[in-house]
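The values are calculated or read from the model by the stated rules, or taken from the named source; none is laboratory data. Predicted model only: the values in this text are computed from it and were never measured. Note: ideal-geometry Cβ built from the backbone for every residue, glycine included; neighbour counts use all protein chains shown. These accessible areas exclude ligands, DNA and RNA; they are computed on the full protein's heavy atoms, side chains included. Shrake-Rupley method; radii C 1.70, N 1.55, O 1.52, S 1.80 Å.
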Amino acid sequence: MSVQLNHTIVAATDKERSARFLADLLGLEVRPQYGPFLPVIMENGVALDYADAGGRPITPQHYAFLVSEDDFDAIFARIKDAGITYYGDPFHREVNEINHNDGGRGVYWEDPDRHSMEIITRPYGG
(Lines give C-alpha, C1' and ligand atoms only; values in the text may rest on other atoms or scores of the structure.)
Protein backbone atom coordinates (compact mmCIF):
# COMPACT_ATOMS: atom_id res chain seq x y z
CA MET A 1 0.00 0.00 0.00
CA SER A 2 1.30 3.44 -0.91
CA VAL A 3 -0.03 6.35 1.13
CA GLN A 4 1.24 9.88 0.54
CA LEU A 5 0.11 13.28 1.71
CA ASN A 6 -1.20 15.09 -1.38
CA HIS A 7 -2.43 18.43 -0.02
CA THR A 8 -3.72 20.24 3.02
CA ILE A 9 -5.80 23.37 3.34
CA VAL A 10 -4.27 26.36 5.12
CA ALA A 11 -6.80 28.83 6.50
CA ALA A 12 -5.87 32.48 5.99
CA THR A 13 -7.36 35.92 6.51
CA ASP A 14 -5.96 36.82 3.07
CA LYS A 15 -4.99 33.74 1.04
CA GLU A 16 -3.01 35.72 -1.54
CA ARG A 17 -0.92 37.50 1.09
CA SER A 18 -0.24 34.29 3.02
CA ALA A 19 0.53 32.15 -0.03
CA ARG A 20 2.90 34.82 -1.38
CA PHE A 21 4.56 35.18 2.05
CA LEU A 22 5.43 31.47 2.17
CA ALA A 23 6.30 31.09 -1.51
CA ASP A 24 8.64 34.08 -1.43
CA LEU A 25 10.50 32.82 1.63
CA LEU A 26 10.83 29.25 0.36
CA GLY A 27 11.68 30.28 -3.19
CA LEU A 28 8.56 28.64 -4.63
CA GLU A 29 5.71 29.77 -6.88
CA VAL A 30 2.12 30.53 -6.05
CA ARG A 31 0.21 28.49 -8.61
CA PRO A 32 -3.00 29.65 -10.32
CA GLN A 33 -6.12 29.55 -8.20
CA TYR A 34 -8.00 26.24 -8.28
CA GLY A 35 -11.58 26.67 -7.12
CA PRO A 36 -11.37 28.60 -3.83
CA PHE A 37 -7.75 27.51 -3.26
CA LEU A 38 -4.43 29.17 -3.97
CA PRO A 39 -1.79 26.41 -4.04
CA VAL A 40 1.88 26.50 -3.13
CA ILE A 41 3.33 23.17 -4.26
CA MET A 42 6.46 21.62 -2.78
CA GLU A 43 9.08 19.77 -4.83
CA ASN A 44 7.64 16.42 -3.69
CA GLY A 45 4.20 17.37 -5.04
CA VAL A 46 2.49 18.14 -1.71
CA ALA A 47 0.36 21.27 -2.00
CA LEU A 48 -0.52 23.79 0.66
CA ASP A 49 -3.87 25.05 -0.59
CA TYR A 50 -4.50 28.48 0.90
CA ALA A 51 -8.15 29.35 1.47
CA ASP A 52 -9.75 32.45 2.93
CA ALA A 53 -11.25 31.71 6.34
CA GLY A 54 -14.27 33.88 5.55
CA GLY A 55 -14.20 35.69 8.87
CA ARG A 56 -14.03 32.50 10.92
CA PRO A 57 -11.34 32.34 13.62
CA ILE A 58 -8.10 30.71 12.50
CA THR A 59 -6.48 28.08 14.70
CA PRO A 60 -2.73 28.31 14.09
CA GLN A 61 -1.19 25.10 12.74
CA HIS A 62 2.40 23.92 12.29
CA TYR A 63 4.04 23.27 8.91
CA ALA A 64 7.61 21.90 8.68
CA PHE A 65 9.71 21.79 5.53
CA LEU A 66 12.74 19.56 5.03
CA VAL A 67 15.33 21.52 3.03
CA SER A 68 18.92 21.10 1.90
CA GLU A 69 21.76 22.93 3.65
CA ASP A 70 22.03 25.36 0.71
CA ASP A 71 18.28 25.98 0.68
CA PHE A 72 18.36 26.55 4.45
CA ASP A 73 21.00 29.26 3.96
CA ALA A 74 18.94 30.96 1.23
CA ILE A 75 15.62 30.77 3.09
CA PHE A 76 17.18 31.84 6.38
CA ALA A 77 18.77 34.84 4.64
CA ARG A 78 15.34 35.84 3.26
CA ILE A 79 13.79 35.50 6.74
CA LYS A 80 16.46 37.76 8.24
CA ASP A 81 16.34 40.23 5.32
CA ALA A 82 12.58 40.55 5.80
CA GLY A 83 13.07 41.34 9.50
CA ILE A 84 10.98 38.35 10.57
CA THR A 85 11.45 37.20 14.15
CA TYR A 86 12.59 33.59 14.20
CA TYR A 87 12.98 31.01 16.91
CA GLY A 88 15.09 27.96 17.70
CA ASP A 89 12.24 26.05 19.34
CA PRO A 90 8.59 25.17 18.63
CA PHE A 91 7.34 27.16 21.62
CA HIS A 92 8.94 30.36 20.28
CA ARG A 93 11.00 30.99 23.43
CA GLU A 94 14.48 30.94 21.83
CA VAL A 95 14.21 34.26 20.00
CA ASN A 96 16.51 34.82 17.00
CA GLU A 97 18.23 31.46 17.45
CA ILE A 98 18.50 28.36 15.29
CA ASN A 99 18.65 24.80 16.61
CA HIS A 100 21.04 22.00 15.72
CA ASN A 101 18.80 19.03 16.47
CA ASP A 102 19.92 15.66 15.08
CA GLY A 103 23.06 17.27 13.67
CA GLY A 104 21.15 19.57 11.34
CA ARG A 105 19.77 23.08 11.56
CA GLY A 106 16.25 24.27 12.16
CA VAL A 107 14.35 27.50 12.63
CA TYR A 108 10.72 28.51 13.22
CA TRP A 109 8.77 31.65 12.33
CA GLU A 110 5.14 32.75 12.10
CA ASP A 111 3.18 33.54 8.98
CA PRO A 112 0.67 36.44 8.83
CA ASP A 113 -2.01 34.30 10.53
CA ARG A 114 0.34 32.98 13.23
CA HIS A 115 0.77 29.54 11.64
CA SER A 116 4.11 28.20 12.83
CA MET A 117 6.44 27.54 9.91
CA GLU A 118 9.67 25.55 10.24
CA ILE A 119 12.62 24.63 8.07
CA ILE A 120 14.92 21.76 9.02
CA THR A 121 17.91 20.20 7.30
CA ARG A 122 17.55 16.78 8.99
CA PRO A 123 14.38 14.91 9.92
CA TYR A 124 13.88 14.76 13.68
CA GLY A 125 14.79 11.42 15.23
CA GLY A 126 16.79 10.50 12.13
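Here are the numbers:
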{"read-out": "Radius 11 Å from Cβ of ASN99, net charge of other residues (Lys, Arg +1; Asp, Glu -1)", "value": "-3"}
{"read-out": "Interatomic Cα distance distribution for the stretch 33-85, bins of 10 angstrom, percent", "value": "18, 36, 37, 9"}
{"read-out": "Rounded to 10°, Cα long-axis angle of helix 15-26 versus longest principal axis of the chain", "value": "30 degrees"}
{"read-out": "Accessible surface of the chain [probe 1.4 Å, protein heavy atoms]: carbon and sulfur percent", "value": "49 percent"}
{"read-out": "Cubic angstrom per residue, convex hull over Cα atoms of the stretch 66-120", "value": "73 Å³"}
{"read-out": "Length-normalised contact order of the chain in % [C-alpha pairs under 8 Å, at least 6 apart]", "value": "23 percent"}
{"read-out": "Probe 1.4 Å, protein heavy atoms only - accessible area per residue of the chain in square angstrom", "value": "60 Å²"}
{"read-out": "0 to 90° range, to nearest 10: angle between helix 69-81 axis and the chain longest Cα axis", "value": "70 degrees"}
{"read-out": "Global size of the chain as Cα Rg and Dmax, reported in angstrom", "value": "14.6, 44"}
{"read-out": "Summed side-chain charge close to PHE65 - residues other than PHE65 whose Cβ falls under 12 Å, Lys, Arg +1, Asp, Glu -1", "value": "-3"}
{"read-out": "Burial ranking of peptide ranges 6-16, 57-67 (average Cβ count within 10 Å, highest at the top)", "value": "6-16, 57-67"}
